[in-house]
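The values are calculated or read from the model by the stated rules, or taken from the named source; none is laboratory data. None of these values were measured; they are calculated from a predicted model. With ideal geometry, Cβ positions are generated from the backbone for all residues, glycine too; neighbour counts draw on all protein chains shown. Only protein heavy atoms, including side chains, enter the accessible area calculation; ligands, DNA and RNA are left aside. Shrake-Rupley method; radii C 1.70, N 1.55, O 1.52, S 1.80 Å.
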Amino acid sequence: MKIIDWLADEKNRGFVKKACYAALVLVFGADFFVHRHHVTFFWDGIPGYGAVYGFVSCVVIIIVSKAIGHAALMKKEDYYD
Amino acid sequence: MIEWVHPGAILIVGAALVPFLKGRIKQAYMLLLPVLAFAAIVAVSPGTHGVVRLLNQELVFGRVDRLSLVFGYIFAIMAFIGLIYGMHVKKDGEYIAALLYVGGSMGAVFAGDFITLFVFWELMAFASLFLVWLKGDKASDLAGYRYILVHIFGGVCLLGGIILYYSATGSIEFNAIRADGPAFYMILIGFLINAAVPPFSAWLADAYPEATIMGAVFMCAFTTKTAVYVLIRGFAGTEILIWMGVIMALYGVVYAVLENDARRLLAYHIISQVGYMVAGVGIGTEMALNGATAHAFAHILYKSLLFMGVGSVMHMTGKRKLTELGGIYKTMPVTMILYMIGGLSISAFPLFSGFVSKSMVVTAAEESHIGWAVLLLTLASAGTFLHTGLKLPYYIFFGKDSGIRTKEPPLNMIIAMGIGAVLCIGIGVYPDALYNVLPFPVDYVPYTAQHVVTALGILLFTALGFFMLLKKLDPEPTISADTDWFYRKAGRVFLKLAEGPVASADAYVGELHSTKVLGTAKRAASISLAFDLGVIDGLVNLAGWLTRFAAWVSHKFDIYIIDGAVNSVATLVAWNGGAWRRLQTGQLQNYALIFVLGLIIIFGGFMLGY
């Protein structure tokens, strides 16, 4: 419980952010050194593929979904009443 | 020695005793039922049990093999967790509905023929309906009606398919479907409706969020997973299912972005996760079917954990919309941590259960060289983390402080969530426990450096994207139109269309024309209105009246028969007690006299006998 409070504390925001960025760099970097035991598709061989694909996926999902939603799907809460 | 006790029967018959027990005994009894069912599944030997001959057909109640066993195990475990979670619930009806519902799914899983399958299939639909209705507000009444109408439609498709299948093959055995044409497709549609494959998926996101808190925990586990089981059994390797599964996985993600209701968001992610299983069935290799089964197993645990977490917040705050929640972590930290374990499991973080099950399906797609499926399923798993692991907990537990100050939920809820969380981590850390019960031998190692690093890359950079686009993701107080629009809105829209434009065109068109066009249109509109008022409303009212009548009868039954029986038993007991009390004078000599009299009678009896 203490850890959560500490993480949520404004004072530690800077450190938490730095730690998160460090984790991102670490994971991205590690992918350059990992032994690839199976490469089925061409993208399996690209270092950092997971990181790039994850980021692109996230952005695409948010933008495309919100676009579809605002264009057609989202209705007022009393729509069916 | 009894060769086999049907685990579903333990729950179904056991449900009948629930109203007669009270307090601790009732609670212990209810936990005993799934334990007994689990024991029955462990004790049974693989093979065919419980065969009943009926009208020259063999009904098989117990087809026990590795595939049905693994679903049996997880259903019993889930029933146990769910009943602990619902221990504080006061309504007997909820327990009975839940037990019948789980018993129905076990019956369906162990059924070896279509007739048995169909009967248990319908039991599931009707029992789960009450888990929706017992919430007892208008929204759940209406959602329940829509839920059962869709499932009746699905049941009719299935039954029609079964009849056609029987007339084509002369057999009601339930194995891989050997027919083509209408029989194949009708059975498939019946199954797909329960698996919530779009466009037949709207019932799930419509009804589950309106169920009772305990009801939703049960519902998220059984209906769709039983459907996955029957798809594995009947339709393994049906290529169209790969497409459907991938579409499902993405469909749920898109709706989850838009959703503001926490339980509906989770419901859309059931659709998304079942997509992986359906795709696995479509690929159809041993690896893929193992993956579908493993993912169903893991999914039941983490999805129920997520529903329990959100249910706890709902139980304590009475709210479930993201726009109305926020900052809850301060007062519900334990719930938050347990929820997050479910969130990390569904997101397939290394060391959590989703990592070892979901990746089997994706690897199976890789091995079968279906590149687009691999890419799109990976995309969907980024979406899973984005919503269930980031968006939902962020806006409920952190985010803008809503000012709500509450407490942790009751202990039984925390214990249930704790068991779920331990199992999620257990499977993630020691996957062989799960792999050993899968239908086919497993030759797969989830923990390789490449797999772990790629998975972490996808997940952490999804998180980066989430925080960068946080403003865009703020939940909006809206609802999203799904395919249920067609049966909730289309009729009304058609009426408006028929009246509006035609009426305005009236001014421009000659009198003759207008009488013809407008008259017809108006007539069409009025016929359709009359149909709506007369037939549809009539049916709904009729159903309403029937329900009320049934309630009235059961009320009378309750008052006269049950109460009467209870009263007469009580009177008998009181009378009996009075009689005995008079005998208990407390004077020793009286007791001695009775004792002696008894001895005399016994001896007398002996004397006369010999």
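Identify all residues within segment B:223-240 that are more than 18 Å from B:GLY252 (Cβ to Cβ) and assigned to a helix (DSSP H, G or I); write none if there are none.
From segment B:223-240, those more than 18 Å from B:GLY252 (Cβ to Cβ) are B:226, B:229-230, B:232-240; that's our starting set.
Of everything in segment B:223-240, those that are more than 18 Å from B:GLY252 (Cβ to Cβ) and assigned to a helix (DSSP H, G or I) turn out to be B:THR226, B:TYR229, B:VAL230, B:ILE232, B:ARG233, B:GLY234, B:PHE235, B:ILE240.
When the criteria are applied in full, B:ALA176 fails the requirement of being hydrophobic (A, V, I, L, M, F, W, C) and surrounded by 15 or more Cβ atoms within 10 Å (Cβ to Cβ). Residue check: is B:MET244 more than 16 Å from B:ILE115 (Cα to Cα), in contact with a Phe, Trp or Tyr (Cβ under 6 Å, 6 or more places away or on another chain) and of a type in the set (A, V, I, L, M, F, W, C)? So B:MET244 fails the test. The number of residues in segment A:1-54 being in contact with a Pro (Cβ under 9 Å, 6 or more places away or on another chain), loosely packed, with under 12 Cβ neighbours inside 10 Å and within 8 Å of another protein chain (Cβ to nearest Cβ) comes to 1.
Residue-by-condition table, conditions (1) over 21 Å from A:ALA51 (Cβ atoms); (2) at the interface with chain A (Cβ under 10 Å from one of its Cβ atoms); (3) open to solvent by 10 Å² or more (accessible area, probe 1.4 Å):
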position: B:ARG320; (1), (2), (3): yes, no, yes
position: B:GLU324; (1), (2), (3): yes, no, yes
position: B:MET336; (1), (2), (3): yes, yes, yes
position: B:LEU344; (1), (2), (3): no, no, yes
position: B:PHE355; (1), (2), (3): no, no, no
position: B:GLU366; (1), (2), (3): no, yes, yes
position: B:LEU377; (1), (2), (3): no, no, no
position: B:LEU390; (1), (2), (3): no, yes, yes
position: B:PHE398; (1), (2), (3): yes, yes, yes
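Here is the figure for segment B:1-28: residues that are of a type outside the set (Gly, Ala, Ser) and crowded, with 16+ Cβ neighbours inside 10 Å total 10.
Using the structure shown, decide if B:ILE162 is modelled with pLDDT of 90 or more and touching a His at 6+ places or on another chain (Cβ under 9 Å). Before the answer, list the steps.
Working: modelled with pLDDT of 90 or more: yes; touching a His at 6+ places or on another chain (Cβ under 9 Å): no.
So B:ILE162 fails the test.
Could you tell me whether segment B:436-451 includes any residue that is within 30 Å of A:LYS17 (Cβ to Cβ), touching a residue at least 60 places away in the same chain (Cβ under 8 Å) and assigned to a helix (DSSP H, G or I)? Within segment B:436-451, one or more residues are within 30 Å of A:LYS17 (Cβ to Cβ), touching a residue at least 60 places away in the same chain (Cβ under 8 Å) and assigned to a helix (DSSP H, G or I). Inspect all residues belonging to segment A:13-34 and state whether any of them is farther than 25 Å from B:GLY383 by Cβ and in contact with an Asp or Glu (Cβ under 8 Å, 6 or more places away or on another chain). Within segment A:13-34 (the criterion being farther than 25 Å from B:GLY383 by Cβ and in contact with an Asp or Glu (Cβ under 8 Å, 6 or more places away or on another chain)), the answer is no, since none of the residues qualifies. Only residues that are part of a helix (DSSP H, G or I) and over 27 Å from the mean Cα position of the chain (by Cα) were counted in segment B:319-349, giving 4.
Number of residues in segment B:456-490 that are open to solvent by less than 40 Å² (accessible area, probe 1.4 Å), among the hydroxyl-bearing types (Ser, Thr, Tyr) and more than 9 Å from chain A (Cβ to nearest Cβ): the value is 1. In the set (1) aliphatic (A, V, I, L, M); (2) part of a helix (DSSP H, G or I); (3) crowded, with 19+ Cβ neighbours inside 10 Å, B:VAL119 fails one condition alone, (3).
When residues in segment A:1-43 are screened for being in contact with a Gly (Cβ under 8 Å, 6 or more places away or on another chain) and touching a residue at least 12 places away in the same chain (Cβ under 8 Å), 4 of them pass. Does B:ILE41 fit the bill of being loosely packed, with under 14 Cβ neighbours inside 10 Å and of a type in the set (A, V, I, L, M)? Criteria not met by B:ILE41.
Of the residues B:ASP261, B:ASP206, the single one that is within 26 Å of B:ILE81 (Cα to Cα) and touching a strand residue (DSSP E or B) at 6+ places or on another chain (Cβ under 7 Å) is B:ASP261.
I'd like to check which helices (runs of 4 or more DSSP H) are fully inside segment B:368-435 and have at least 1 residues that are closer than 24 Å to A:TRP6 by Cα and modelled with pLDDT under 90.
Helices (runs of 4 or more DSSP H) meeting the threshold: B:392-397.
Of the candidates B:GLY103, B:GLY93, the single residue that is in a helix (DSSP H, G or I), under 19 Å from B:LEU31 (Cα atoms) and without any contact (Cβ under 8 Å) to a residue 60 or more places away in the chain is B:GLY93. If only residues of segment A:55-81 that are more than 7 Å from chain B (Cβ to nearest Cβ) and in a helix (DSSP H, G or I) are counted, the one that is most open to solvent (accessible area, probe 1.4 Å) is A:HIS70.
Looking at segment B:412-455, which of the residues that are of a type in the set (S, T, N, Q) and farther than 30 Å from A:PHE32 by Cβ is farthest from the other protein chains (Cβ to nearest Cβ)?
Pass one, segment B:412-455, residues of a type in the set (S, T, N, Q): B:412, B:436, B:448, B:450, B:454.
Retained after the next criterion (residues that are farther than 30 Å from A:PHE32 by Cβ): B:412, B:436.
Values: B:ASN412: 21, B:ASN436: 24 Å.
Among residues in segment B:412-455 that are of a type in the set (S, T, N, Q) and farther than 30 Å from A:PHE32 by Cβ, the one farthest from the other protein chains (Cβ to nearest Cβ) is B:ASN436.
Of the residues making up segment A:39-54, those that are closer than 23 Å to B:ALA249 by Cβ and assigned to a loop (DSSP other than H, G, I, E, B) are A:THR40, A:PHE41. Checking segment B:350-359 against the condition returns a match, with at least one residue being in a helix (DSSP H, G or I) and among the β-branched types (Val, Ile, Thr).
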